[in-house]
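Enquirer: Here you go, one structure.
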Amino acid sequence: MSESIAGEAAAGAVGGRFRELYGADPQGVWAAPGRVNLIGEHTDYNDGFVMPFALPHTAVAAVSRRDDGVLRLHSADVAAPVVEVAVDSLAPGTDKNWTAYPAGVVWALREAGHAVTGADIHLASTVPAGAGLSSSAALEVVVALALDELYALGLRGWQLARLCQRAENVYVGAPVGIMDQTASACCESGHALFLDTRDLSQRQIPFDLAAEGMRLLVVDTRVKHSHSEGEYGKRRAGCEKGAALLGVDALRDIPYAGLDAALERLGEEEEEEVRRLVRHVVTEDERVDRVVALLESGDTRAIGPVLTAGHASLRDDFRVSCPELDLAVDTAVAAGALGARMTGGGFGGSAIVLAEATDVDALTKAVENAFATAGFKTPRVFEAVPSAGARRVR
């Protein structure tokens with residue numbers, strides 16, 4: 001099924017359920033995608049470089065505006081009735097459920113001075129939750145886009161992304177960077193998004209693997225993660241400590257050529273953990289630069305070893321991998337993949353595998369067999385196709 005046909009079918013289903021729930025047709029239906037990060041992990045909150053692309057998997061929202069201060073929320077993916085809250089009562093830390101993501105967007109818009117007076121919202125998502133594919137960002141962005149249009153706010157994609165990041169940082173309490181929301185809001189079909197997270201400048205890089213006889217597979221390990229838990233925050237704090245010790249605003253300011261000198265300044269033992277974090281961020285920014293250069297020169301297959309090197313850095317220096325992710329990467333590379341690495345925040349989630357199209361079936365079987373032998377859950381393996389960012393679908 002084509003992306004456009006699938007999108008129309010999802011819009012019809014979500015719109016129909018909205019009518020059942022709220023007694024009237026929605027004023028519109030919008031979609032926002034999850035994302036795969038090709039390269040550039042844990043660099044976004046260090047003012048660095050990232051390179052995500054949007055998935056065909058989306059969060060879809062049917063929405064109507066309300067002018068009575070009431071926000072009503074419902075999800076097809078949660079076995080619960082409609083949740084109703086007053087927009088004036090929205091406050092950070094008061095909601096620990098899935099509703100915190102859309103409600104947080106309403107809060108962030110109002111905090112920014114936009115007179116959002118309520119909404120009826122019904123959501124459904126095909127983005128796998130907890131798989132490191134930004135299911136939460138898709139929920140946030142689709143709601144933000146709908147409210148931007150319904151309230152005629154005139155916000156651009158990067159502005160919506162900033163508001164959604166604030167919603168997740170402050171309202172939900174997860175210290176995420178800006179990449180996920182920007183990818184969901186701004187990616188284009190057939191491209192990867194080269195994003196400078198300091199100034200939010202963007203460049204769409206053509207990324208059509210099928211035309212070159214390649215595929216990018218996602219291996220969802222089915223190991224769930226949660227960004228609001230402590231390990232992610234510890235690493236962010238460690239990066240901030242490293243920047244402070246080195247006298248820079250962010251680790252992005254440490255040049256790759258100056259990495260060894262920077263590590264020497266941190267000492268060998270007393271700041272061993274900070275040294276590792278610094279080394280990962282600085283080398284990962286350099287890997288993003290290399291991937292951009294290779295793609296723009298047409299040498300796409302050569303990005304494979306760069307992806308694999310990125311996984312080693314995430315595993316050994318940043319220490320956010322897990323046995324399932326390592327097994328997926330090691331097995332794929334040993335079975336002939338061009339390259340592989342974990343993607344997303346880590347501690348579970350997904351790996352990506354760059355492969356020749358002719359090797360997809362064999363690689364998939366090899367990974368599945370390795371997981372079975374190890375006694376792990378059967379992974380979900382699917383192709384990632386660079387797709388469109390957030391848009392109105394009905």
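Enquirer: Scan the stretch 319-334 for residues that are over 22 Å from Ala366 (Cβ atoms) and either aliphatic (A, V, I, L, M) or buried (at least 22 other Cβ atoms within 10 Å of the Cβ) (or both) and report the count.
Expert: Final tally of qualifying residues: 1.
Enquirer: Inspect the stretch 53-75 for any residue being out of contact with any strand residue (DSSP E or B) (no Cβ under 7 Å at 6 or more places or on another chain) and not aromatic (Phe, Trp, Tyr) and give the result as yes or no.
Expert: no
Enquirer: Where the second residue is part of a loop (DSSP other than H, G, I, E, B) and open to solvent by less than 10 Å² (accessible area, probe 1.4 Å) and the first is among the polar types (S, T, N, Q) and lies in the stretch 165-188, which pairs have Cβ atoms under 6 Å and are six or more apart or on separate chains?
Expert: Cβ pairs passing all conditions: Gln165/Ile178.
Enquirer: Of the residues Val78, Val85, which is without any contact (Cβ under 8 Å) to a residue 40 or more places away in the chain, farther than 21 Å from Leu150 by Cα and open to solvent by 10 Å² or more (accessible area, probe 1.4 Å)?
Expert: Val78
Enquirer: Continuing with the same structure: For the list (1) at pLDDT 95 or above; (2) in a helix (DSSP H, G or I); (3) open to solvent by 80 Å² or more (accessible area, probe 1.4 Å); (4) of a type outside the set (Ser, Thr, Tyr), I need the number of the one condition that Arg265 fails.
Expert: Among (1) at pLDDT 95 or above; (2) in a helix (DSSP H, G or I); (3) open to solvent by 80 Å² or more (accessible area, probe 1.4 Å); (4) of a type outside the set (Ser, Thr, Tyr), Arg265 violates only (1).
Enquirer: May I pose another question? Residues Thr58, Thr94: which one is β-branched (Val, Ile, Thr) and open to solvent by 50 Å² or more (accessible area, probe 1.4 Å)?
Expert: Thr94
Enquirer: Given Arg380, Arg392, Arg341, which one is buried (at least 17 other Cβ atoms within 10 Å of the Cβ) and of a type in the set (D, E, K, R)?
Expert: Arg341
Enquirer: Now for a separate question. Given (1) within 26 Å of Ser350 (Cα to Cα); (2) modelled with pLDDT of 95 or more, identify the lone condition not met by Lys241.
Expert: Unmet condition: (1).
Enquirer: I've got another one for you. Select from the stretch 186-204 the residues that are small (Gly, Ala, Ser) and not in a loop (DSSP other than H, G, I, E, B) and list them in ascending order. Give the steps one after another, and end with the answer.
Expert: Filtering the stretch 186-204 for residues small (Gly, Ala, Ser) gives 189-190, 192, 201.
Of everything in the stretch 186-204, just one residue is small (Gly, Ala, Ser) and not in a loop (DSSP other than H, G, I, E, B), namely Ala192.
The values are calculated or read from the model by the stated rules, or taken from the named source; none is laboratory data. For clarity, every value in this text was computed on a predicted model and none was experimentally measured. Every residue, glycine among them, receives a Cβ derived from its backbone with ideal geometry; neighbour counts consider all protein chains shown. SASA here: full protein model, heavy atoms, side chains in, ligands and nucleic acids out. Shrake-Rupley method; radii C 1.70, N 1.55, O 1.52, S 1.80 Å.
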